[in-house]
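The values are calculated or read from the model by the stated rules, or taken from the named source; none is laboratory data. Worth saying up front: this structure is predicted, and the values here are computed from it rather than measured. Methodologically, a virtual Cβ is constructed for each residue, glycine included, from the backbone with ideal geometry; neighbour enumeration extends over all protein chains shown. Just the protein is used for accessible areas: all its heavy atoms, side chains included, with ligands, DNA and RNA removed. Shrake-Rupley method; radii C 1.70, N 1.55, O 1.52, S 1.80 Å.
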Amino acid sequence: MNVQTSSNRTAIAVSELNKQVKSLLENSFLSIRVVGEISNLAKPSSGHWYFTLKDQKAQVRCAMFRGNNLRVNFAPKEGDQVVVTGRVSLYEGRGDYQMICSAMEQDGQGQLQVLFEKLKLKLQAQGLFDADRKKPIPDHPKCIGVITSPTGAAIHDILTVLKRRYPGLPVRLYPTAVQGNEAAGQIVKAIELANREGIADVLIVGRGGGSLEDLWPFNEEVVALSLANSNIPTVSAVGHEVDFSIADMVADLRAPTPSAAAELLSPNGAEILANINRAERALKQRFGWLLAAKQAQLKSLRQRLRHPGERIREQVQRSDELELRLHSAMNRLMRDKRSQLNQNQSQLSRLNPSRTLTAHQEQVKQLMSRLESLTKSKIDRRKLELAEKVGRLQAISPLATLERGYALATTDQHEVIRDSRQVKAGQSINIRLQKGSITSTVTDIHTETND
C-alpha cells in the first residue's frame, strides 16, 4: 500500500482511499469459499447476478457476472443455501465491500432438498401418491408390525402408547437401522420379510425426529417402491409433526409421529371395556323385559287353556253344522243345474242347424237360377255388340276393298303407294290382291298434273 505521508499530514482523496483498500482486499483474499443463504437476489437484463449472502449474524454483498453464472448448473432463488467461490473486493463508487463470485454450488442441505423434490415429482408422475391405490387400514388389527431401530425412541413411544390403550395387542418388531448409508436397504428387507411372514395386519415404518440428513433413508426411492409394493397396509411415522418425507406420501397412511401411529392403530381398551359394560347392562335389561313379557304371555295362555274333551265336542258340533250346510248347498246347486240344463236344451232345439241348412239351400238354388239367367242375358248382349262392331270394322277394312277387285301397292319398305312420284322406273313394288300378292318391276311412270 502506497500511503503518502509528510510532516504536515497531507490528506488523500476518497477515491484514492477506496482504490488502495480494494487493492489490499484483493491481494489478501485471492480465492475464498463462503457458505450462506441467498437474499435480495437481482437479475437485471445485463445477465449479471447481484445478491446478499447471509447467515444468522452477518451478511455480505455479492456480484456474479454473466460469464461466470452461465456455468452454474441450477437456478438459485431466495432462501437457497449455497457455497460461493470468489475474491473479496471493493465497489469503489460506493465504498461497499463485496465479494466477486466465480462459482456457485448448492450447500449439502440444499442438494438434498433438490433430490427430494426431483424424486417427489418422479413418483407423483408414476401415481404412487394417488389416493385410489392406497390400501385401507384395519380398524382392529390383530398384530402390528413395527419397522424401526430396536434402541431408538420410536419403538419405546409406540410400546408405551399400546400398553396404555390396548395392552393385549401383539407387536412384531422388525429391527433395522434408521439412518446412515445402509438404512434404506435394511428398511426394504424388513418390509419384504414382514410380507413373507404375513403375521402383521399393518406395518408402522418410521423413526424419531432428526435433521434432513438423518431422515434421508425414508426419502430413498427403493424405500418408496417397497412401501408401494407391500401387500400389508403401511403407516409412515417419520420424525416430528413438521417433518414430511417421501415415505409419508407413498404409505397408505401418514402419522405425524410414532406415538400418533400407535394411537391411530390401537383400539382404546378403556373405551371398549366401557362399551362392553354398557352393552351388558342393556342386554340384561332387555332380557328382563323379554322374560317378563313371556311370563305374562304364559299366564294368559294358562287362563285360556281348556280341557281337550270340551274342544273335541265343539269340533264335532262344528263338523255336523258344516255337513248340514254342505248337503243344503249341494241340493241347491243340483236344482240350479237342472233348470239351466232345461233352458239350454230348449234353446238348442230352436237353433237346430238342420232347419237353418234347409232354408239356406233353397236360397242358394234361387240365387243360382238368377245368376244363370243374368249371365245368359249379358252374354247375348255382348254377342250383339260384337257382331255390330265386326260389321262396322268390315265396312272400313282394306280387305273389303280388295274383295271388290281392287289391289294395294306398296314399296319394298312397305309404304302404301298413293302417288306415282313415290317410285322410279326399274324399282320393285308389291301388289296385294284379295288372294295372294304379286312382286313386279316399274317400267313406265305416268304423272298426272292437277290444273
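Check Leu399, Leu386, Leu408 and return the single one that is among the aliphatic types (A, V, I, L, M) and modelled with pLDDT of 85 or more.
Leu386
Check Leu225, Leu212 and return the single one that is under 30 Å from the mean Cα position of the chain (by Cα), surrounded by fewer than 20 Cβ atoms within 10 Å (Cβ to Cβ) and either in contact (Cβ under 8 Å) with a residue 40 or more places away in the chain or not in a loop (DSSP other than H, G, I, E, B) (or both). Even if it seems obvious, please write down each step before you answer.
Values: Leu212 fails: under 30 Å from the mean Cα position of the chain (by Cα).
None of the other options fit; the residue is Leu225.
Can you name every residue in the range 132-153 that is assigned to a helix (DSSP H, G or I) and at pLDDT 90 or above?
Here is the first cut: in the range 132-153, the ones assigned to a helix (DSSP H, G or I) are 132-133, 153.
Across the range 132-153, the qualifying residues are Asp132, Arg133.
Can you pull out the residues in the range 11-52 that are β-branched (Val, Ile, Thr) and free of Cβ contacts under 8 Å to residues at least 40 places away in the same chain?
Of everything in the range 11-52, those that are β-branched (Val, Ile, Thr) and free of Cβ contacts under 8 Å to residues at least 40 places away in the same chain turn out to be Ile12, Thr52.
Taking helices (runs of 4 or more DSSP H) that do not extend beyond the range 257-362, which have at least 2 residues that are open to solvent by 90 Å² or more (accessible area, probe 1.4 Å)?
The helices (runs of 4 or more DSSP H) meeting that bar are 269-304, 308-350.
Using the structure shown, decide if Ile12 is assigned to a loop (DSSP other than H, G, I, E, B), β-branched (Val, Ile, Thr), over 53 Å from the mean Cα position of the chain (by Cα) and farther than 25 Å from Val114 by Cα.
yes
Please work out which residue is most open to solvent (accessible area, probe 1.4 Å), limiting yourself to the range 7-45 and to residues that are of a type in the set (Ser, Thr, Tyr) and at pLDDT 90 or above.
Ser45
If Asn68 meets every condition in (1) more than 24 Å from Phe244 (Cα to Cα); (2) open to solvent by less than 50 Å² (accessible area, probe 1.4 Å); (3) assigned to a strand (DSSP E or B) apart from one, which number is that one?
Going through (1) more than 24 Å from Phe244 (Cα to Cα); (2) open to solvent by less than 50 Å² (accessible area, probe 1.4 Å); (3) assigned to a strand (DSSP E or B) one by one, Asn68 breaks only (3).
At pLDDT 85 or above, open to solvent by 90 Å² or more (accessible area, probe 1.4 Å) and basic (Lys, Arg): is that true of Lys77 in this structure?
In short, yes.
Of all residues in the range 170-208 being touching a residue at least 40 places away in the same chain (Cβ under 8 Å) and not aliphatic (A, V, I, L, M), which is surrounded by the fewest Cβ atoms within 10 Å (Cβ to Cβ)?
Step by step, filter the range 170-208, then rank; the result is Asp201.
Of the numbered conditions (1) open to solvent by 80 Å² or more (accessible area, probe 1.4 Å); (2) assigned to a strand (DSSP E or B), Phe51 fails exactly one; give the number of that condition.
(1)
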